[in-house]
Amino acid sequence: MTHSLLVCTTCASTWQNGKKVGVSGGEMLLKEISQLHQDWDRRSQFAIRPVSCMSACSHACVVTFASEGKYSYLFGDLPIDNDNILNTASAILSCAEIYSDRADGMLAWKERPEPLKSGVIARIPPLQDS
Ligand code: FES
């Protein structure tokens, strides 16, 4: 695995009396991504990693692309309602393909799938040049 796709599983949670109840939106998004990932031809290049929070909670749902020597991208405001969640999961993997093809990981606005055009929260430079 040379790349990681981090998926926040706490995003879009419902809380009652300080406890999370039911299945969160992030968990539903992770499930859709994981199902598509099984038949994805780039499967061996990306590890799907559930994480509990990436401190972008007001922008649920949130995912990050990361790889050594590449820019890291934190995307938020990803739609996960019933009409859009499958499209969002598919768009995330399409964008991941573009990310894996770029030596530096840079993702131009015009080449990103629609659900990921406006939701960039952070683009973090690589720790060192690749
Ligand atoms: S709960 Fe998802 S980023 Fe904090």
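General observations
- Spin-label model distance (nm) - Thr2 vs Ser100, 7 Å beyond Cα toward Cβ: 1.0
- Paramagnetic reach from Ser90 in the stretch 41-55 [backbone N under 15 Å; point 7 Å along Cα→Cβ]: 41
- For a straight C-alpha distance cut-off of 28 angstrom, the lysines reachable from Lys117 (same-chain residues fewer than eight places away being disregarded) are Lys31, Lys70.
- Nearest-0.05 FRET efficiency for Gln35 and Ser118, computed from C-beta distance (R0 41 Å): 0.95
- Computed [θ] at 222 nm, deg cm²/dmol, the chain (DSSP H ≥ 4; -39,500 (n - 2.57); rounded to nearest 500): -8000 deg cm²/dmol
- Take every DSSP beta bridge whose two residues both sit in the stretch 3-124; close to 70 percent of them are antiparallel.
- A simple charge model with +1 on the Cβ of Lys and Arg, -1 on the Cβ of Asp and Glu and nothing else charged puts the dipole of the stretch 3-124 at about 340 debye relative to its Cα centre.
- Normalised by residue count, the stretch 3-124 yields a Cα convex hull volume of 98 Å³ per residue.
- Helix 25-38 axis, angle to the chain major axis (alpha carbon atoms, nearest 10°): 50
- Burial ordering of Leu107, Leu36, Leu86, fewest other beta-carbon atoms within 10 Å first: Leu86, Leu36, Leu107
Throughout, read-outs are computed from the coordinates displayed, never taken from laboratory work. The model shown is predicted, which means the values in this text are computed figures rather than measured ones. We place every Cβ from the backbone using ideal geometry, glycine too, and count neighbours over all the protein chains shown.
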